[in-house]
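Here is the structure we will look at, set down as structure tokens.
Nothing in this text is a laboratory measurement; each read-out follows from the coordinates by a stated rule. None of the values given here were measured: they were computed from a predicted structure. Every residue, glycine as well, gets a Cβ built from its backbone with ideal geometry; the counts of neighbours run over all protein chains shown.
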Amino acid sequence: EMDLPPAITLVAQTLMTLDKKTIVVTAVVTAEIVDIKRALLSVEGVDHAMEDVCYGCVARVITDRTLDELLDDVDNVRESCLEYMNVTGSKYGLSFTNVQFADLATIKTLRLMLNKQKQPKEEISTND
């Protein structure tokens with residue numbers, strides 16, 4: 001019996017949108033094996049195949065859109081990712097049920113957020 005996690009965490013991918021904006025994407029994908037025979041016979045390492053399908057499909061959807069298209073309709077982006085994942089994954093006996101983006105930000109925005117987290121908290125002076 002294969003025991004795979006129900007959720008696949010995709011670590012940060014740096015991708016370029018159709019309008020040449022560099023963004024960072026992280027996501028959590030829910031998947032399952034629906035045809036164990038196909039999964040075992042078609043690939044070596046089903047868990048790696050699941051990840052590969054996820055990364056490839058997310059990259060395809062992101063790079064086919066402009067930044068505005070991505071940010072304006074995240075639900076459509078999620079649905080497109082799921083559609084591509086299920087078409088690709090069906091060859092390997094896999095089914096994908098959900099994609100949740102944890103991060104979808106430009107590199108500049110991400111750097112600003114990280115720098116803010118690293119800055120020391122300002123001390124409050126009571127000597128005024």
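Here the extension length gained between Q13 and N98 equals 28.8 nm, from 0.36 nm per residue of separation less the Cα-Cα distance.
Between R60 and D73, the modelled label-to-label distance comes to 1.9 nm, taking each label 7 Å out from Cα in the direction of the beta carbon.
Provide the net charge surrounding C57, with neighbours chosen by a C-beta distance below 14 Å and charges set as Lys +1, Arg +1, Asp -1, Glu -1. Overall, the nearby charge balance is -1. Placing unit charges on the Cβ atoms of the charged side chains and taking the dipole of the range 3-60 about its Cα centre, the candidate lying farthest along the positive direction among V34, G45, Q13 is Q13. Under 5 Å between amide hydrogens, built in the peptide plane, is the criterion, and for A105 it picks out V24 among residues at least 5 positions away or on other chains. Projecting label points 7 angstrom from Cα along Cα→Cβ for K20 and T106 puts them 1.4 nm apart. Taking every C-alpha pair closer than 8 Å and separated by at least 6 residues, the mean separation divided by the residue count of the range 36-101 gives a relative contact order of 41 percent.
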